[in-house]
Amino acid sequence: MSESLFEEVRALATEQRNSASQTMDEMSTEEILNLINGEDALVANAVWVEIPSIARVVDELVERFKLGGRLFYVGAGTSGRMGIVDAAECPPTFGTPPELVQGIIAGGKKAVFQAQEGAEDKPEKGAREMEEVKVIARDMVIGIAASKRTPFVLGALERAYTIGAFTVLLTTNPRETVTYPYLREAICPVVGPEVLMGSTRMKSALAQKMVLTMITTTTMVRLGKVYENMMIDLQLTNRKLEERAKRIVMIATNCDYGRAGRVLEASGGHVKTAIVMQRAKVTADKAREMLHKADGFVKRALSKS
């Protein structure tokens, strides 16, 4: 059993030795840093190659959100933490409810801060997580596994697929090696061997972070949560965000600082509503009505005023 697992792991693209870093232990500090930076620069192109797959996932997610579906990230170790981070950033950035995008990590919350390495080895635990969060057919589940073989992640994806959810695997191993029948889509940025052999917290994690940010950001743009290139559904949960909100209103409506503060207060602290109020010269209630009729899109609401 151990020998067959050894052979499986040894064959993974993420477990190969990087010829550029084989003398890393003899390099100076700057040489090591230049090496890491040069390898990181390869990641963007690897992600670019996968944009058609990423686009299909985004288009599917937009429709599922419109139907009341949710997005779940499932991972272990570094991959799980990438999902947790992206899920946690959605509510303050886009004003989404915490349940809309959720991160699930093998080993639970404790694993976010301290490695729980054995937690990833049981597929039944991943399947059980899907039942505990009550995944339904309208949901999307994105498994994140640099190695493409993490049992916890695969168990979750297989269970989600049987429920009818849209299942995706994000891995940094080649697409031709991803043959699981319970996947609806795969995203496979091939970043090559890590500078530090097998340390997928490096290029693989960078690719994962890039892809997840692309998925949620593009989805939120498609759902009307962005005006031009500004966040307009951010939550004003601290002083910095309050000031950012005022600046957004000032830029979007060409008003001064004092007016931006007053209209934001009248809108209940909702940037999107404040912009429509100021631009269309309407009350908060009327602005909310206009936005509702425009499916939340500011430009669409203003074009009909």
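The values are calculated or read from the model by the stated rules, or taken from the named source; none is laboratory data. Values in this document were obtained by computation on a predicted structure and should not be read as measured data. No Cβ is skipped: glycine too gets one built from the backbone with ideal geometry, and neighbour counts run over all protein chains shown.
Is it true that residue 244 is touching a strand residue (DSSP E or B) at 6+ places or on another chain (Cβ under 9 Å) and over 30 Å from residue 185 (Cα atoms)? Judged against the criteria, residue 244 is a match. Considering (1) outside any strand (DSSP E or B); (2) surrounded by 17 or more Cβ atoms within 10 Å (Cβ to Cβ); (3) at pLDDT 95 or above, the lone condition that residue 181 does not fulfil carries the number (2).
From 295, 285, which residue is at pLDDT below 95 and either outside any loop (DSSP other than H, G, I, E, B) or over 18 Å from residue 92 (Cβ atoms) (or both)? Residue meeting the stated conditions: 295.
Quick one: which helices (runs of 4 or more DSSP H) sit completely within segment 192-281 and have at least 2 residues that are in contact (Cβ under 8 Å) with a residue 60 or more places away in the chain and either in the same structural domain as residue 42 (by TED's automatic domain parsing) or surrounded by 19 or more Cβ atoms within 10 Å (Cβ to Cβ) (or both)?
Ranges flagged: 203-222.
If you scan segment 30-65, which residues turn out to be under 16 Å from residue 142 (Cβ atoms) and part of a loop (DSSP other than H, G, I, E, B)? Of everything in segment 30-65, just one residue is under 16 Å from residue 142 (Cβ atoms) and part of a loop (DSSP other than H, G, I, E, B), namely 50. Can you report the number of residues in segment 282-298 which are surrounded by 14 or more Cβ atoms within 10 Å (Cβ to Cβ), closer than 19 Å to residue 234 by Cα and not aliphatic (A, V, I, L, M)? Result for segment 282-298: 3.
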